[in-house]
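Note sheet for the following structure.
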Amino acid sequence: MNLQIEVRTAEEFIQVVPIGEIDVYSAPAFKEELFTVIQNTKKNLVIDGEKLDYIDSTGLGVLIGGLKRMREKGLSITITGLNPNVHKLFTITALDKPFNIKGA
């Protein structure tokens, strides 16, 4: 499955919506888009995971890199709407601790 990425600007934050799967094949495109958004924003980031079907360790690595860049700017990443299987991966890998995850 291909990955689509939507970026929406709200008054208080930037929302990134990955649609599909973030895996070893699609992670480079996700990284490029995410890091461009991070570089160009002064707002907190919300990643809407409602339409994220799957993420592997490569995708998680991209998110960790993004979180590091956001923290360097004094900003945060919140992840919302994860389906139960994807949320479980964040819990198993203990990435539910550094990321602000809302809703499951």
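Starting from the Cα-Cα distance between residue 68 and residue 56, subtract it from 0.36 nm times their residue separation and give me the gain in nm to one decimal.
Values: separation 12, 0.36 × 12 = 4.32 nm, distance 1.87 nm.
Additional length available on full extension: 2.5 nm.
When both bridge partners sit in the chain, DSSP labels roughly 30% of those beta bridges antiparallel.
For the chain, the tally of Lys pairs with Cα-Cα distances below 20 Å comes to 17, considering only residues 8 or more apart or on different chains. Seen through its C-alpha gyration tensor, with square-root eigenvalues sorted a ≥ b ≥ c, the range 47-102 comes out prolate because a/c lies at 1.5 or above while a/b is bigger than b/c.
Shape call for the chain from the C-alpha gyration tensor, a ≥ b ≥ c root eigenvalues: rounded (a/c under 1.5), prolate (a/b greater than b/c) or oblate? Rounded shape, in that the Cα axes give a/c under 1.5.
Each value in this text was obtained by applying a stated rule to the coordinates, not by laboratory testing. Predicted model only: the values in this text are computed from it and were never measured.
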